[in-house]
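One structure below.
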Amino acid sequence: MQKRIWSALTLAVCVAAAPQVPVDAQEGRGRGLAAGGTIAGAGRGYPTPEQYAGSKEAQAHVARARAIAGSDPKLLARFENACGPLGPQRPALEAQNAGQKPAPPQPVEPVRIFDNLWYFGFNTVGAWAIQTSDGIILIDALNTVQDAETLIEPALRKVGLSPADVKYVIVGHGHFDHFGGAPYFQDKYKARIALSALDWDLIERPNPNANPAQANRPRPRRDVVVSDGQTITVGDATVTLMVTPGHTVGTLAYLIPVKYRGQPLTVLMLSGANITPDRASLTAFNRALDAAKAAGAQALINGHPGLFGDELGWMDQLRKNPNGPNDFVYTKDQFAKFIDIMKECAASRVVAMGL
Ligand SMILES: [Zn+2]
């Protein structure tokens with residue numbers, strides 16, 4: 001984390017995975033942010049490195065998080081990722097902050113993470129498919145209708161799933177790289193499209209900064225308006241949705257029931273990267289994490305591989321050896337500790353800002 005504090009020093013005025021970035025400034029291809037104007041860092045949802053290092057209260061939270069990790073190497077790595085003035089960062093942004101050129105977005109082979117959960121998409125942003133006894137629930141739909149047609153649809157078929165069985169697309173938050181392909185499934189397969197109320201507003205509100213190409217890009221028509229705690233059931237799977245404002249005003253967190261080697265397992269999905277710019281968002285974040293702990297969650301996923309750990313590496317390992325080690329999985333006790341670490345780290349940033 002020491003390295004991350006120093007790199008943050010150069011970062012304060014650059015880039016971070018930010019709250020409330022203008023819709024069109026965010027695109028999974030890693031370009032938007034660099035080109036898309038100033039975003040977070042100090043004063044916009046994050047403490048400065050000086051505030052963070054200088055706050056006794058913040059450092060007390062960091063020390064507690066460190067102690068929870070103990071000598072468990074997996075939890076220590078999560079602690080390093082979750083704490084710090086900026087918290088978890090997308091690899092593309094970390095590269096940019098370090099003055100390096102981020103890896104160009106490359107389509108990746110679909111990969112089965114759990115018995116009925118797949119990842120599709122790019123090395124920078126992706127979508128997830130949950131197979132149920134009565135159809136498919138998609139989480140996010142990449143950047144564009146072209147991505148949905150040329151990447152998600154063939155990937156579904158490649159793993160033996162039918163695009164026509166997509167019943168829902170539950171979009172994590174109102175940025176293009178998450179809802180861009182949703183109109184394709186809405187129009188062609190009559191899939192239901194779900195977003196939180198505030199993020200429906202976000203995507204429907206014209207963005208004055210958008211360039212014409214982006215401004216005219218199709219958006220899904222308002223459909224399922226998700227409220228905090230709402231569940232969506234398809235067949236034998238009930239997904240629980242929680243509103244965790246921070247990255248956008250209506251970012252969602254999910255509890256997803258899957259099967260892992262035939263046994264039930266609960267997955268937590270955080271669509272907004274632990275961003276808690278104020279007390280209210282910290283409270284909502286903690287409520288979602290408490291629900292995950294109560295559900296006995298054992299894995300964490302998101303839309304940007306590399307945000308919470310070497311997810312691309314873990315995926316590659318599973319492609320090569322599907323029945324081998326799965327680094328997405330924690331024991332229930334380990335994941336409960338991971339949750340406490342994420343809570344302490346998020347609190348450390350809020351108190352460092354004097355909030
Ligand atoms: Zn976003």
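For the chain, take N as its residue count and report Rg(C-alpha) divided by 2.2 N^0.38 Å.
0.92
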By a straight-distance test (C-alpha under 26 Å), which lysines pair with Lys343 as possible cross-link partners, with residues fewer than eight away in the same chain excluded?
-> Lys3, Lys56, Lys74, Lys293, Lys332
Run down the lysines and flag those whose C-alpha is under 29 Å from the C-alpha of Lys158, throwing out any fewer than 8 positions away in its chain.
-> Lys167, Lys188, Lys190, Lys259, Lys320
Pull out a ≥ b ≥ c, the square roots of the eigenvalues of the alpha-carbon gyration tensor of the stretch 54-198, then state rounded if a/c is under 1.5, prolate if not and a/b is larger than b/c, and oblate in the remaining case.
-> prolate
What is the magnitude of the charge dipole of the stretch 90-140 about its Cα centre, with +1 placed on the Cβ of each Lys and Arg, -1 on the Cβ of each Asp and Glu, and no other charges, expressed in debye to the nearest 20?
-> 240
Just report the Cα centroid separation between the stretch 216-258 and the stretch 327-355, whole Å.
-> 22
Nearest 20 debye, what's the magnitude of the dipole of the stretch 104-201 about its Cα centre given +1 on Lys and Arg Cβ and -1 on Asp and Glu Cβ?
-> 240
Skip the ligands, DNA and RNA, and give the accessible area per residue of the chain with a 1.4 Å probe, whole Å².
-> 38
Residue (of Asn81, Val169, Thr276) at the positive-pole extreme of the chain, dipole from beta-carbon charges = Asn81
Placing +1 on each Lys and Arg Cβ and -1 on each Asp and Glu Cβ in the chain, then taking the dipole about the Cα centre, the residue among Gln131, Met315, Gln230 whose Cα reaches farthest towards the positive end is Met315
Mean-square fluctuation maximum in Gaussian network of the chain, Cα pairs under 10 Å, restricted to Pro47, Pro105, Pro88, hits Pro105
Share of carbon and sulfur in the accessible heavy-atom surface of the chain [1.4 Å probe, %] = 55
If you build the Cα gyration tensor of the stretch 248-355 and take the root of 5 times each eigenvalue, what three semi-axes come out, in whole angstrom, biggest first?
-> 27, 15, 12
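The values are calculated or read from the model by the stated rules, or taken from the named source; none is laboratory data. Just so it is clear, the model here is predicted, and its values are computed rather than measured. So basically every Cβ, Gly included, is an ideal-geometry build from the backbone, and we count neighbours across all protein chains shown. Side chains included, ligands, DNA and RNA excluded: accessible areas come from the protein's heavy atoms. Shrake-Rupley method; radii C 1.70, N 1.55, O 1.52, S 1.80 Å.
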